[in-house]
Amino acid sequence: MHAGLLQSFSVMLALSNTQTAEVLKAALMQQRMRRVSSAADNRDAVSQMQDYHYNMIVIEEGFPELGAADFCRFLRLTNTPMAVAPIIYGIRRAEKERVLAGRDAGASKIVLMPFSADSLVGTLQAAIKEIRPFIQTTSFKGPDRRITKGSVYQGPERRKGQFGWMSVQNQKRILAG
């Protein structure tokens, strides 16, 4: 499907369970991704991000020290290409508050954990295929939160041309380096 595009991505796994992270890391490396790293906590993740550019992040809500929502917000506020990278946000229970917390933190996709390596690969492929325009306002920075039944939003595009709106093409250019 999008295997060639998936191979050009570098993924940071920010999960609370290091064994799970290592299993997923091995599975993603079998997909020939450019680089897959796992971080033990937010300090380790930031340290790795200073040394290497990741263009996709997987965060679990129980990520040590900072937590997923705050770490997701932090990533969105950085002045790096990682600020527009797709973020997969894992939650342990399908509760409205948890879903809204991930969405409002700027997550690209929200998934229920635990998940298999195959389902993570599918989610990563979907995140690449379904990149949405990026919105930056005083209270939010992340992908457009509007969910539509079709694949493309059909209503009036009031944000286009406004400060803080980034097209999908610009995001892809930034992510490609």
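Since every read-out is calculated from the coordinates, none of them should be taken as a lab result. These numbers come from a predicted model, not from an experiment. Cβ: placed from backbone, ideal geometry, glycine included. Neighbour counts: every protein chain shown.
Computed about the Cα centre, the dipole magnitude for the stretch 3-131 is approximately 340 debye when only Lys and Arg (+1) and Asp and Glu (-1) carry charge, each at its Cβ.
When the Cα positions of Ala69, Ser8, Leu112 are compared along the charge dipole of the stretch 3-131, Ser8 comes out farthest toward the positive end, with charges on each C-beta of Lys, Arg, Asp and Glu.
Summing Lys, Arg as +1 and Asp, Glu as -1, what charge do residues with Cβ under 13 Å from the Cβ of Ile88 carry, Ile88 excluded? My count for the surroundings of Ile88 gives -1. Footprinting exposure proxy ranking of Arg34, Arg73, Arg93, fewest other C-beta atoms within 10 angstrom first, gives Arg93, Arg34, Arg73. What does the charge count around Gln7 come to, taking other residues whose C-beta lies under 14 Å from its C-beta (Lys +1, Arg +1, Asp -1, Glu -1)? Taking every other residue near Gln7 into account, the sum is +3.
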